[in-house]
Amino acid sequence: MKKLKYILLGGLFALGMTACDDYLDVNTDPDNPTAETATPEVRLTWIQNFFEYAWSSASMRSSQITGVLTQTSTTSANGLLAKWDPGQGSATTPYQNWYIGAAVNIDPLITAAEAVGANHYAGAAHTIKAMGFMMMLDLFGEIPYHQAFTGKYDPDYDNGKELFNCVMADLDKALEYFNMDNQNVPLIEGDVWLNGDESKWIKLVYGLKARFMLKLSKKAEFDPQGILDCLNKALQSNEDNVSRVCFNTEGSETNFTVGDPYQHSHIHNCLSYGSSQRLTKRFVDMLEGDPRQSKLVPAAMTHVQLDEEGNIASYKWTRDVGVDMLSQNNIRLKGAIINATFATSAPKTLEYEIKDATKRAEFVANAKATNHAVEENGDMVKVTYAKGQIYCNTTDFNHAGDTAYVNMRAGDLSGNLRGRAEYDMFDYAASGYDYVMGTGTFYGRPSADVDFMTYAEMCFIKAEVLFRQGDAAGAHTAYMNGIRANIERMQAKLTKWAAAGTSSSRVVKENPDLLPMDEGEIADFLASDKIAQSGAELTMAEIMKQKTIAMPFNLEIWNDMRRFNYSAGNIGGFGNVYPDFNRPSEFTATSKMTGSSPNDVTYWFRRWMHSSHESNYNLAKLKLSNKYYGFWDSANDAEKANVDQIYSCPVWWDCETDAEYEQHTGLSLSASAE
């Protein structure tokens with residue numbers, strides 16, 4: 001698959017929203033297209049790119065809500081998401097990359113494609129239009145659709161039911177275009193997802209139909225057979241996976257909205273570029289005994305000993321333990337998690353005051369077990385971290401052990417220069433040192449593929465639908481196929497990395513995290529009690545657990561949790577589908593999630609507040625879109641606080657009936673239909 005074509009930067013997208021004829025009256029330059037001259041293949045590439053960034057950002061941020069990820073900070077935008085005290089800023093990046101980067105170009109792409117008979121490009125445009133607007137519906141509930149990009153500065157909002165129906169109509173329109181004849185504009189020239197394979201695009205459309213129809217599982221109009229029919233025409237193997245192949249390169253151009261490299265995986269750019277993301281204990285525990293664990297959970301060097309020349313003589317790999325966000329042992333309750341520091345040139349000595357004798361004894365034992373020099377003097381404990389070791393630069397003993405929470409960072413060859421070669425993507429502590437701060441995670445490396453839809457997801461959808469129909473045996477077969485498909489998809493990429501050369505140093509060669517899984521361990525796992533071995537053992541909770549492992553950084557996992565009302569249970573008669581889940585232990589935002597009981601839908605995180613772009617420039621229409629936004633500019637502070645309740649207002653597909661949706665939002669679906 002080709003690399004992204006750097007013949008176009010942000011100017012095209014800015015031009016897509018201007019009507020200044022004089023400005024566009026220039027000679028045509030194929031390397032610098034304008035809104036009038038951009039060809040279908042140029043537009044499609046960049047629509048795909050900006051959708052990818054919007055989706056990657058939304059997926060990473062929703063993973064804070066689902067209890068897969070958390071943050072070092074308790075006060076940053078993503079740190080607030082992790083404690084379920086969200087702020088408006090969380091919405092900006094997905095919103096602007098979709099509307100400003102991708103969506104603004106979709107109708108012009110369709111027009112340009114129709115003008116030259118490139119109907120497959122129009123089909124791709126309608127497909128991505130459906131993907132993007134469904135993402136906006138999932139996040140915000142009500143958004144401008146019909147009047148978006150019509151020249152109105154204050155477009156009306158469409159309600160959730162209208163949006164859902166429009167998205168499904170876009171998928172039908174995509175199929176119409178894919179079934180038309182095409183002229184001499186090969187789809188492969190602009191398609192960086194599926195190499196121009198129209199048959200795979202059609203499978204993607206049917207996969208999207210199945211995915212979107214699944215959202216209606218609470219409703220009377222839920223159509224399980226319709227979903228199964230779509231699955232029969234959707235992805236049939238990992239060969240059909242819809243992904244962008246990415247590259248770890250130097251000197252890549254960067255996204256004009258956020259400044260991240262285009263060539264790199266945007267999941268990497270959102271998940272593993274900085275040092276603030278951490279996995280949760282809940283997710284790490286899911287992987288106990290699973291051969292995928294070492295590929296998904298990062299490790300760092302501990303127990304480091306140097307030789308006389310200062311080189312690493314011995315060490316241990318210690319895997320991330322995960323932050324326990326659900327219990328009172330949550331380290332973030334004691335303040336922000338401290339990032340590790342590497343003692344490069346000299347030992348580092350820190351003194352800790354620990355008045356509790358039991359805690360002091362535990363602290364001393366842990367420090368000695370990690371080869372640190374320890375001196376005790378009453379309540380004071382002095383620890384010396386030798387050259388070549390990591391430590392947390394704090395005198396708060398509660399956070400001295402924060403090295404146990406390994407960051408998700410992956411080294412790359414762009415602005416984040418902690419990687420050393422194209423396939424050497426570990427997070428090194430410093431230039432010239434072999435010390436590895438973190439081995440990264442499979443989906444978060446700069447050259448990791450970005451999966452928009454996989455065969456594994458189709459299998460788990462099928463497993464859920466068959467299980468709902470009472471076909472436990474068929475559900476179990478689909479469930480096992482989903483697990484195998486995910487393992488095989490990971491194994492294929494790991495094998496490719498290994499063949500290309502995973503190391504530029506002795507240290508990397510000794511680390512297994514980039515190497516293929518052991519086939520014997522895979523076979524043992526598939527036959528073990530770690531997974532359901534029959535339809536009789538299968539539960540809906542187990543299906544959703546394995547789906548989460550296969551799709552950890554994916555917006556659909558949050559959609560699933562909402563469909564099953566999180567851990568409240570009894571949705572569909574399947575009991576508690578997320579039995580290990582609740583609000584984070586840090587939760588205090590009762591003005592945002594107002595319900596007092598898990599059985600109350602407003603107890604749970606249901607949607608995001610709209611981006612400030614909407615409240616700043618379209619406030620009058622925003623206030624009409626949902627009753628909670630009507631309080632936006634209230635002079636009464638107590639009344640104005642009601643706008644925060646938008647976070648626990650379910651979107652349309654998250655309601656059992658239209659009447660429930662109308663009750664929560666204050667909208668009238670019958671009036672809007674007229």
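The values are calculated or read from the model by the stated rules, or taken from the named source; none is laboratory data. None of the values given here were measured: they were computed from a predicted structure. Note that we place each Cβ from the backbone using ideal geometry, even for glycine, and neighbour counts take in every protein chain shown. Heads up: the accessible areas ignore ligands, DNA and RNA and are worked out on the full protein's heavy atoms, side chains in. Shrake-Rupley method; radii C 1.70, N 1.55, O 1.52, S 1.80 Å.
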So is Thr75 polar (S, T, N, Q), open to solvent by 10 Å² or more (accessible area, probe 1.4 Å) and either in contact (Cβ under 8 Å) with a residue 24 or more places away in the chain or at positive phi (or both) or not?
-> yes
All but one of (1) assigned to a helix (DSSP H, G or I); (2) crowded, with 18+ Cβ neighbours inside 10 Å hold for Cys246; which doesn't?
-> (1)
Restricting the range 404-430 to residues that are small (Gly, Ala, Ser) and closer than 21 Å to Ser447 by Cβ, the one most open to solvent (accessible area, probe 1.4 Å) turns out to be Gly415
(1) assigned to a strand (DSSP E or B); (2) surrounded by fewer than 22 Cβ atoms within 10 Å (Cβ to Cβ); (3) among the charged types (D, E, K, R): which one isn't true of Arg278, the others all being true?
-> (2)
Residue in the range 199-209 that is under 30 Å from Gly666 (Cα atoms), basic (Lys, Arg) and outside any helix (DSSP H, G or I) present | no
Being within 24 Å of the chain's Cα centre (by Cα), open to solvent by 30 Å² or more (accessible area, probe 1.4 Å) and over 19 Å from Ala91 (Cα atoms) narrows it down to one of Asn599, Asn570, Asn582, Asn565, so name that one.
-> Asn582
Within the range 328-376, which residues are among the polar types (S, T, N, Q), open to solvent by less than 90 Å² (accessible area, probe 1.4 Å) and in contact with a Ser or Thr (Cβ under 9 Å, 6 or more places away or on another chain)?
-> Asn330, Asn339, Thr349, Thr370, Asn371
Single unsatisfied condition, Tyr433 versus (1) out of contact with any strand residue (DSSP E or B) (no Cβ under 9 Å at 6 or more places or on another chain); (2) surrounded by fewer than 21 Cβ atoms within 10 Å (Cβ to Cβ); (3) over 24 Å from Thr280 (Cα atoms); (4) of a type outside the set (Gly, Ala, Ser) | (1)
Residue identified as open to solvent by 60 Å² or more (accessible area, probe 1.4 Å) and free of Cβ contacts under 8 Å to residues at least 40 places away in the same chain among Glu656, Glu639, Glu660 | Glu639
Report, ordered by the first and then the second residue, all pairs with beta carbons closer than 6 Å, sequence separation of six or more or different chains, a first member in the range 298-326 that is in contact (Cβ under 8 Å) with a residue 24 or more places away in the chain, and a second member that is open to solvent by less than 60 Å² (accessible area, probe 1.4 Å) and of a type in the set (Asp, Glu).
-> Pro298/Asp320; Ile312/Asp434
Which condition does Ala550 not pass, out of (1) in contact with a Leu (Cβ under 7 Å, 6 or more places away or on another chain); (2) among the small types (Gly, Ala, Ser); (3) surrounded by 21 or more Cβ atoms within 10 Å (Cβ to Cβ), if it passes all the others?
-> (1)
Before we move on, is Thr150 open to solvent by 10 Å² or more (accessible area, probe 1.4 Å), closer than 28 Å to Tyr262 by Cβ and not charged (D, E, K, R)?
-> no
Is it fair to say Asn486 is surrounded by 23 or more Cβ atoms within 10 Å (Cβ to Cβ), of a type in the set (S, T, N, Q) and in contact with a helix residue (DSSP H, G or I) (Cβ under 6 Å, 6 or more places away or on another chain)?
-> yes
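Out of the residues in the range 220-241 meeting the condition of being in a helix (DSSP H, G or I) and among the polar types (S, T, N, Q), tell me which one is surrounded by the fewest Cβ atoms within 10 Å (Cβ to Cβ).
Ranking the candidates gives Gln225 first.
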All-but-one check, Asn195 against (1) touching a helix residue (DSSP H, G or I) at 6+ places or on another chain (Cβ under 7 Å); (2) polar (S, T, N, Q); (3) at pLDDT below 95, failing number (3)
